[in-house]
Each structure stands twice: as structure tokens, then as C-alpha cells.
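Note sheet for the following structure.
The values are calculated or read from the model by the stated rules, or taken from the named source; none is laboratory data. Every value quoted in this text rests on a predicted model; they were computed, and no experiment measured them. Neighbour counts are summed over all protein chains in view; Cβ atoms, including those assigned to glycine, are modelled from backbone coordinates with ideal geometry.
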Amino acid sequence: MSPSGAALPRSTLSLQARLLATVLGLVGLVWLAVAVATWYDTGHELDELLDAHLAQAASLLVTQRLDELEGDNFPPPPTLHKYQTRVAIQVWHEGRLVVRSTNAPEAPLGFGEAPGLRTSVIDGEAWRVLTTPGREPDVLIHVGELESARHDILLASLRSIAWPMLLALPLLALGIWWAVRGAVRPLRQLGQAVALRRPQALQPLSAHAVPPEVAPLVTALNGLFQRMADLLESERRFTADAAHELRTPIAAIRMQAQVAQGATREPERTQALAATLLGCDRAARLTEQLLQLARLEDEVARGGPVDPAGTVSADLTAAALGLMAELELQAQVRGQSLALLAPGPVHVPMPGALLQVLLRNLTDNALRYSPDGARVQLSLEGPAPGQVAALVVEDGGPGLPPEAMARLGERFFRVLGTGQTGSGLGWSIVQRLARLYGLSVSVDRSPALRGLRVTVIWTDTPPRRY
Amino acid sequence: MRILLAEDDELLGSGIKAGLTQQGFHVDWVRDGVAAERELLAGDHQAVVLDLGLPRQDGMDSLRSARARRIATPVLVLTARDAVTARIEGLDAGADDYLIKPVDLHELAARLRALVRRAHGQTQTRLEAGPVTLDPAAHQVWLDGATVELSGREYDLLQVFMLNAGRVLSREQIEQHLYKWGTEVASNTVEVHIYNLRRKLRGELIETVRGVGYVLRRDAAPAA
């Protein structure tokens, strides 16, 4: 048995919830990555763009003469754009700050004479500064911009793409939820169909109109239903057979006891009492057989081996000889003959008591269902390729009508299935023994005796357990 | 009353046969379905006790075949099959009653008496014809309310006449009703029993129809 129970996933999340979480998580991660990439890319582009603006502003100052710039009357430039005030200007002449825009700090925006772009920190604020010499060589121009201002622009531009993304996420979740719900509907319907079944309803589920992914599950379930139905049917049949087999001797005991009770003559009473005792013996033997079978079934059901050491063995020939001596009289009454063909002792891996049960059922049946004067033959075989031993029970009347021959297997099954043998549980017992000991049992027409032929083979492969 | 018993189990069959004989029935016993059908078709019995699981042919098939040929003999099915479907199938196949093994001898006998009574159109447990009353269960006969002592054969003969009151019965028919297989019947036995019955009851109750047989008058007047 496979440990299928342990293979089940530990998570109890529904498929739907798991799919939803996975897809939304992945989409969220992708969007986050896109946002980060956009942040850096846009920041870089923005820097280049704004640096160019700084350079443009500086180049305007460079074209001015110093005296045009100098003086307190330098007017603050008109605000033409909301970001404009963030640009600050300093003009230095011979180490003295001669001109500065009102938003510029008094500390130099740049150190050293080296022209070019750099980032410097003044009063704890980061500035982006472009330094260039003026028109006169002793004039130094700094054009700077607060990094925080650039940051604000970047944030504003990212905000405009983040909103649609955030709004789309719930919509996407709703869409995924709806799609997944539709996709798992066949599974849910299948579950409902199985849940609503009564325990006895074992007819197969419809395998068409289910998606290909669900079809294997339906097929597996149908297989399970079939096996359960077979098992139930076999149990039902066995119970019916057992009931019949036990009821008949009990009915006989009761009837004979009442006959003894009502007998007025002594011989009649004695005879009825003797018959009562005979019935008791028969019922006791049947009960013993039933218990034996039940114990075997129980053992197999609990997974224990029937014969763990492989030590159980019985001689088929001896068992057949014993049975023939027992049945000889019964056969003679109807002018039937019993024959045994055996190569010597044939050992089979089966307890002697159960071997007797098997032999008796088959032989008794052959005698019972062949006409008066018929011959019944038991042939035994020893080991051969693929087999440990074989038993063939043949009966031969003077030919069976063709329609009966055609229905042979069916008749055999039905008649035995109704438990007609006087000493056993009929076909059920044979089948059960076959299942327990891995015997192959086949029924066909006897070429030699023209009657029924039952072949039992003890295979050399161990019995299959289920 | 002659009963056909179809049962393949030796022990049970011999028990039923002995028990029913104690109860005053004459029992013929067959052991397979083919013989059961043959005897059903012959129609010599007043009722049949039929086991279903018979060798050679299922009892149900024997019954169906007999019913298909308009054999009306009451049939009591006796079986170990207790599934409701099996019972329904049995009754639908033409069984008149159904008993599950094991059965009580007295119940079986009572049911057989009831089946025979109903088959002859009688609904009373006691058979009545004019001044004569017969109680099959008690095995007793009264004439004008007074008990009449009859021998076993005389009683059987009277029961045959009362079940068939108003119908003319030939000597052969009477013999078939009375005697099970293998019984040697002397040519004048029936006449002797009829003579005795007439003597113990009343002469004019059983009339002789010359060249045909005998008839029990249904409307025989009570004693004046």
C-alpha cells in the first residue's frame, strides 16, 4: 500500500486562495521592480536635463560683463516657473561675493577654481552646482540647485505612474479570482457530486464534459467505485451463501426435532433423533468452515501474511484420496464413478483443512451436477514451469446440450453461487480460497469426458493481496 | 391430502416428509427441479412444497413453466433466500406462499391446509356440506353437531369429497388424490371406503353416478 496519506500537502489553503495569492504576489513584485527601475532611470534622465538647464543659466551669466552684474540693484529674476526659484546664483570677484540671488546661501557654493559640475553640501543641504569662470578671468560664477528640489520632481513624476498601478491591483485581483473560480468549478462540482452520493451508490461518474486535467481524477474515482462495488457484491453473495448453507441444516434439525417430538412410534422417534444429530454435525462443520474463512479474511485484511514462513504445506494426493473414500458411497447411489490420476505425493502451500474444503466443493459439485452413471475424474499435476501444482476436476455425462454448454460458466457460477453443495459454501469458498492463495481457477468443457472441467493451478508467484 | 415435496437436501427432505406425514398428509418427494416440474404438470397433488435452489433446474423455473401451462396447484415456496427481491420474484412467478428456512412444522402444515382450502374456493377453516362439518386442522368430523369417528383413509376420502363438493369424481381421480406413489390399491378399495363412509354418515350424502363416479351433494338436507 502506498503511503498516500503522507504525500498530501500540509497547506490547507484552497486552490483558489493559493492561486490568487501567488498571482497577486508575483504581479506586485514585478510592479515593484518596474517602479525601482523607473526611479533610477527617470532620476538619471532628470539629472541630465536639469544639469543642462544649469549650464544654460550659467552661460547667460558668462556673457555679462562684471559691472553689469555688480551692485545692489540686481533685481530678483521674475518667477516664470514654479521650479525656477530653486535655482541659485553666486558671482564671485577676487574672492568676494559680488552678486547672489536671494535664494542663494552666503557661503560659497563651490570651492576652488575648478570649473564643472559637482555636488556640495552647504548648511546640511545638498546642492548641485555648476562652476564656470566669468567673462573676466577673475570672476567666478556658481549656479546651483537644491538636490531636494530635483527629488520632488522625481517623486511627482513617479506618483503619476504609481496611482494607475495601485488602482489596477484590486481590479486585477477581482479578475483573477473570477477566472480561477471558473477554472476550479469542475472540481467543485465533482466534489459535490461525490458528497451527495449515498454509500450504496457506486455507479461511475460521467467522464465526459470534464476538463482533461480533471479526467484522471474521475477515472481514478470510477476505478475505486468499481472495486468497492465488486467487494460489496462479493460480500453480499458470500453472506447470502453462508445464510443458505447454515439455514438448510438448521431447518433440517428443527424439522427432525419436531418429528421426534410428534412421533408416536419408537423407531420413528429414534430415526428422527439420529437425523437431528446428523444435522447438528453438519451445521457444526459448516460453522467451523465459515469461521476458518472469516479468520483468514481477517488476517489478510489486517495485512498479516497467511503463511509468513512458507512452512504450511499439504499433500494434494492424500487429501484427494481421503475425499474419494468419503464420497464413494454417495457416487455409488447414482451409479457414478470417481477416478483419481496422481503422479504421487503433490505438495501445495495450503493448510490441509482448507485444501479439503476446496477439493470437496469441486468434487461434490461435479457429482451433483452430472447425470446418473457419469464419471468424475480428478487429475493432479506436480511442479511445472509457472506452477507449483495443478488440480483438474472433470465430469462427464453423455454430452451436454449445446445451449447448456454455452451457458456452462454462467450455470456453474450461478448454481454454485446459490450454495447447492451439501458440504460447503460453494463457489464463494472456491473463489475466496483462490484469492487468498493466489490460485488460478478456470472453467471450460472437458475434451475427454465432455462434461465440465475445472482447472485449479497453484502458481509459483505469491498471491496478490488487496 | 397428497402433497408434492421438492427438496434436494436429504436431511431436511426426510424431516419434512416425516413431519407432514405425522400431520396427516401424504407426501411424495422429488429431489430435483426437472422431476418437480414433471410432477407439477401431472397435477396429482393438492399442494406443492417447493425449494428454490434445486439441482438440474431451479425451482423458480419449474414453477414458472407449470404456471405457463395453466397448472393451478397451490405452491408454497420454501427457501433460504430471504432477500426481498427473491421473495417478490417467487410470488410473481406464481408462488402462493413463501416461507424462509427454518420453518415450524405446524406452521408449514397450517399454511398448506390454508392453501388447499383457498384453492377450492373455501374461506372457512372448517369445510361444511349439509349436515357434515370437517375441521382439517383438528382432523375431526361432525354429523349434525355430533362427533363421528373415522379411520384415516375414510377421513381423507371425506375431505376429498368435501373439497370437491358438488363435483363428480371418478374412481381414478379419487385414487390419485388419496394414494402416494408405490401404494398398491386393490380394485375395490375405494368402494369399501365409500361404503363405510355412507354407513357412518348418512347413505344419501354420497351419490353414485353410474358409469362416471361419485358426488357429495353440497346441499344435502340436515336431519329432520
Which members of segment B:123-135 meet the condition of being without any contact (Cβ under 8 Å) to a residue 60 or more places away in the chain and touching a strand residue (DSSP E or B) at 6+ places or on another chain (Cβ under 9 Å)? B:125, B:126, B:127, B:128, B:133, B:134, B:135
For residues that are part of a helix (DSSP H, G or I) and of a type in the set (S, T, N, Q), scanning just segment B:1-24, find the one that is nearest to the other protein chains (Cβ to nearest Cβ). B:22
Counting only residues that are at pLDDT below 80 and over 15 Å from the mean Cα position of the chain (by Cα), which one in segment B:101-131 is farthest from residue B:77 (Cα to Cα)? B:124
Here the qualifying pairs (Cβ atoms under 6 Å; residues six or more apart or on different chains; first in segment A:323-335 and closer than 11 Å to residue A:376 by Cβ and in the same structural domain as residue A:353 (by TED's automatic domain parsing); second surrounded by 17 or more Cβ atoms within 10 Å (Cβ to Cβ) and modelled with pLDDT under 85) come out as A:331/A:367
Does any residue in segment A:242-259 that is more than 7 Å from chain B (Cβ to nearest Cβ) and assigned to a helix (DSSP H, G or I) come within less than 9 Å, Cβ to Cβ, of a residue that is of a type in the set (Ser, Thr, Tyr) and surrounded by fewer than 20 Cβ atoms within 10 Å (Cβ to Cβ) six or more places away or on a different chain, and which pairs are these? A:246/A:287
Count, please, the residues in segment B:23-63 that happen to be more than 24 Å from residue B:92 (Cβ to Cβ) and in contact (Cβ under 8 Å) with a residue 40 or more places away in the chain. 7
Qualifying positions in segment A:264-273 - more than 7 Å from chain B (Cβ to nearest Cβ) and either outside any helix (DSSP H, G or I) or among the hydrophobic types (A, V, I, L, M, F, W, C) (or both): A:264, A:265, A:273
May I ask you to say which residue of A:193, A:201 is exposed (fewer than 13 other Cβ atoms within 10 Å of the Cβ) and out of contact with any His (no Cβ under 6 Å at 6 or more places or on another chain)? A:201
Scan segment A:330-375 for residues that are over 22 Å from residue A:432 (Cα atoms) and charged (D, E, K, R) and jot them down. A:334, A:372, A:375
Of residues in segment A:433-466 being crowded, with 20+ Cβ neighbours inside 10 Å and of a type outside the set (A, V, I, L, M, F, W, C), the one modelled with the highest pLDDT: A:453
All positions within segment B:25-74 that are in a loop (DSSP other than H, G, I, E, B) and more than 11 Å from every other protein chain (Cβ to nearest Cβ): B:25, B:43, B:44, B:45, B:46, B:69, B:70, B:71, B:72, B:73, B:74
Which residue out of A:104, A:149, A:126, A:156 is in a helix (DSSP H, G or I) and either closer than 21 Å to residue A:65 by Cβ or touching a helix residue (DSSP H, G or I) at 6+ places or on another chain (Cβ under 6 Å) (or both)? A:149
Quick one: which helices (runs of 4 or more DSSP H) lie wholly within segment B:124-204 and hold at least 1 residues that are among the aromatic types (Phe, Trp, Tyr)? B:152-163, B:189-200
For the subset of segment B:75-92 comprising residues that are buried (at least 21 other Cβ atoms within 10 Å of the Cβ) and part of a loop (DSSP other than H, G, I, E, B), which member is farthest from the other protein chains (Cβ to nearest Cβ)? B:81
Quick check on this structure: which one of A:137, A:133, A:170 is over 30 Å from residue A:93 (Cβ atoms) and either in contact (Cβ under 8 Å) with a residue 60 or more places away in the chain or assigned by TED's automatic domain parsing to the domain that holds residue A:32 (or both)? A:170
